[in-house]
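Worksheet: the structure to be examined is printed underneath.
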Amino acid sequence: MKAKQPSIFVVDDDDDLRDSICDELERHGYKTAGAQHGESALTVLRKGPAKPDLVLLDLMMPEGDGWQVVAALKADRR
């Protein structure tokens, strides 16, 4: 039986940095997805069919910084 591939969700407003992080993580066997800012991250995380194993957040972003995303996720009972 094949083990589940761990998933990491990367949230950063710098497209090049986010893409580089995702590329490097994928080279090491992780499944990745990304979002450009906090609001889009919350939309994806709330509506997505599967929850990631880890969320990496930039702390200073427009439209919802990393701290706001953490607070919203903690407040969400799901």
(Q) Cβ neighbours within 10 Å, averaged per peptide: list 45-52, 14-21, 63-70 in order, most packed at the top. (A) 63-70, 14-21, 45-52
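Suppose every K and R has +1 on its Cβ and every D and E has -1 on its Cβ; what is the size of the dipole of the chain about the Cα centre, in Debye to the nearest 20?
Details: 11 positive and 15 negative charges, 178 e Å.
Here the size comes out at about 860 debye.
Multiply the residue separation of ASP23 and ALA71 by 0.36 nm, subtract the distance between their alpha-carbon atoms, and state the gained length in nm to one decimal.
Gain on extension, ASP23 to ALA71, equals 14.5 nm.
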Q | Structure-derived Cα extents along the principal axes in Å - corresponding label in (i) 45, 33, 18; (ii) 31, 23, 18; (iii) 38, 31, 16 | A | (iii)
Q. Does a label point 7 Å from the Cα of GLU63, set along Cα-to-beta-carbon, have any residues of the stretch 26-46 with amide nitrogen under 18 Å, and which are they?
A. 33-46
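Just so you know, all these numbers are worked out from the coordinates, no wet-lab data involved. The model shown is predicted, which means the values in this text are computed figures rather than measured ones. Positions of Cβ are generated from backbone atoms using ideal geometry, with glycine treated the same way; all protein chains shown enter the neighbour counts.
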